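Visitor: Provided herewith is a single structure, encoded as structure tokens, for subsequent inquiry.
No value in this document is a laboratory result; all are computed from the given coordinates. Here the structure is a predicted model, which means the values were calculated and not measured. Counting neighbours? That spans all protein chains shown, and the Cβs are built from the backbone with ideal geometry, glycine included.
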Amino acid sequence: MNIAIAGSGALGCGFGYMLQKNGQNVTLLDYWEDHIEAIRNNGLTVSVNGVKGTLPMTIARPEEVSGEMDVIFVFTKAMGLEKMMTQINHLIGTKTKIVCLLNGLGHLKTLEAFVDRRNIIMGTTVWTAGIIAPGETQLNGNGPVELQNSHPEEEEAARVIVNILKDSGLFGEYSKNVKYTTWRKACINGTMNALCALLDASIDQLFASPSIDSLLNGIVDEFAAVAKAQDDIEIDRDEMIHYLKEVASRLGSHYPSMHQDLFNRRPTEIDYLNGAVVEAAEKYGIEAPHCRRMTDLIHAKEAVLEIK
Ligand code: NAD
């Protein structure tokens, strides 16, 4: 299959590498000059759970590539999605499937401005990835990648992609309720990630804090109220907090991605997490003071660090 990775950073390179290794014809798309040059000169090096390998891979700026793709995985940061969709428009045909595994809320609406809902496959993943240097990344975990068609008649197409991910060692799974997994992932990012970023704390430091339960309760309640009002998704607060603590116990001394964004002086995805909850809460007449404060504080932290 002709597969493009639109946004070949940490996760995009990890997925591109695994797919290419399994015989798919992968084109990495990006605009980061040093990264493009490194991959063109030396191939893409990825450490998958500590096992390092290098593959020659095609990488290009989107405008340098032509022809319709079978599948395009979008792997920008949330705030880069809309722009990337305009940049890859010429690679999208009537049958091209767009797979979106970005963290955050509201991406289906962004994608629908560019492609028919029939061709949009939404999902989440708990793989973790990082950039070591231009041309070198790491991919850790064992998935899964949960995917679901956005249009009821496209289940077969989603299952084909799930199988490609399975065959590539990426642990694809067909989801019967991807909206729920999206909200659950957003809730983790809007609590654990945002609080670690604000407090400059690792996950185990955060969960050792005496005020952790009150902080989590307030934020989770707001995510749950908006998930119900907007998408008719039920989030049980106690179950979610139990899940969060279980995830936290596995990740231990790790610093989540929003912390790493600030550390690397890059903008966070807060507007697509707690910020998106605040925006939707206003629409449905729901109070969301915790999410509002979190969003304001993260933006204040970005300003303090002079991140644009
Ligand atoms: P990323 O920041 O590594 O890459 C996103 C884009 O930024 C790419 O185009 C990349 O080339 C560019 N970029 C990265 N570093 C750069 C630099 N120093 N200079 C210039 N450009 C640079 O993002 P990611 O971690 O791959 O995440 C993509 C999406 O997947 C996000 O929505 C994220 O929340 C989500 N996600 C990430 C992980 C993870 O562990 N990384 C896990 C699950 C979901």
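Visitor: Give me a count of the residues in segment 1-43 that are surrounded by 19 or more Cβ atoms within 10 Å (Cβ to Cβ) and within 12 Å of the ligand (Cβ to nearest atom).
Guide: Looking only at that region, the number is 18.
Visitor: When you check Glu287 against the structure, is it more than 20 Å from the chain's Cα centre (by Cα) and either part of a helix (DSSP H, G or I) or closer than 16 Å to Arg184 by Cα (or both), yes or no?
Guide: Judged against the criteria, Glu287 is not a match.
Visitor: Follow-up. Sort out which residues of segment 52-86 are more than 21 Å from Gly123 (Cα to Cα), within 16 Å of the ligand (Cβ to nearest atom) and touching a residue at least 40 places away in the same chain (Cβ under 8 Å), and write them in order of number.
Guide: Once the filter is applied, which keeps residues that are more than 21 Å from Gly123 (Cα to Cα), within 16 Å of the ligand (Cβ to nearest atom) and touching a residue at least 40 places away in the same chain (Cβ under 8 Å), segment 52-86 yields Met57, Ile59, Pro62, Val65.
Visitor: Next question, about the same structure. Just for helices (runs of 4 or more DSSP H) wholly inside segment 153-211: which have at least 2 residues that are touching a strand residue (DSSP E or B) at 6+ places or on another chain (Cβ under 8 Å)?
Guide: 155-167, 178-188
Visitor: In segment 88-97, which residue that is free of Cβ contacts under 8 Å to residues at least 40 places away in the same chain and crowded, with 17+ Cβ neighbours inside 10 Å is nearest to the ligand (Cβ to nearest atom)?
Guide: Ile92
Visitor: Let me ask something else. Only one of these conditions is not met by Asn217: (1) at positive phi; (2) in contact with a helix residue (DSSP H, G or I) (Cβ under 7 Å, 6 or more places away or on another chain). Which number is it?
Guide: (1)
Visitor: Counting only residues that are hydrophobic (A, V, I, L, M, F, W, C), closer than 22 Å to Ala38 by Cα, surrounded by 15 or more Cβ atoms within 10 Å (Cβ to Cβ) and more than 8 Å from the ligand (Cβ to nearest atom), how many does segment 124-145 have?
Guide: Result for segment 124-145: 1.
Visitor: For segment 236-260, enumerate the residues that are within 20 Å of the chain's Cα centre (by Cα), within 14 Å of Lys185 (Cα to Cα) and not small (Gly, Ala, Ser). Lay out the reasoning, then the answer.
Guide: Of segment 236-260, the ones within 20 Å of the chain's Cα centre (by Cα) are 240, 243-244, 247-248, 250-251, 254-260.
Among the residues that remain, those that are also within 14 Å of Lys185 (Cα to Cα) are: 240, 243-244, 247-248, 256-258.
Matches in segment 236-260: Met240, Tyr243, Leu244, Val247, Pro256, Met258.
Visitor: Also: Is there a residue in segment 231-240 that is more than 16 Å from the ligand (Cβ to nearest atom), out of contact with any Ser or Thr (no Cβ under 8 Å at 6 or more places or on another chain) and on the phi > 0 side of the Ramachandran plot?
Guide: yes
Visitor: Under 9 Å between Cβ atoms, which residue pairs at least 6 apart in sequence (or on different chains) link something in segment 8-22 that is within 16 Å of Met84 (Cα to Cα) and assigned to a loop (DSSP other than H, G, I, E, B) with a partner that is of a type in the set (A, V, I, L, M) and within 11 Å of the ligand (Cβ to nearest atom)?
Guide: Ser8/Leu28; Ser8/Leu29; Ser8/Ile36; Ser8/Ile39; Ser8/Ile59; Gly9/Ala129; Gly9/Ile131
Visitor: Please count how many residues of segment 248-258 are part of a helix (DSSP H, G or I) and either within 12 Å of the ligand (Cβ to nearest atom) or surrounded by fewer than 13 Cβ atoms within 10 Å (Cβ to Cβ) (or both).
Guide: Residues meeting the conditions: 5.
Visitor: So, in segment 146-156, exactly how many residues are surrounded by fewer than 17 Cβ atoms within 10 Å (Cβ to Cβ) and in contact with a Lys or Arg (Cβ under 9 Å, 6 or more places away or on another chain)?
Guide: Of the residues in that region, 2 qualify.
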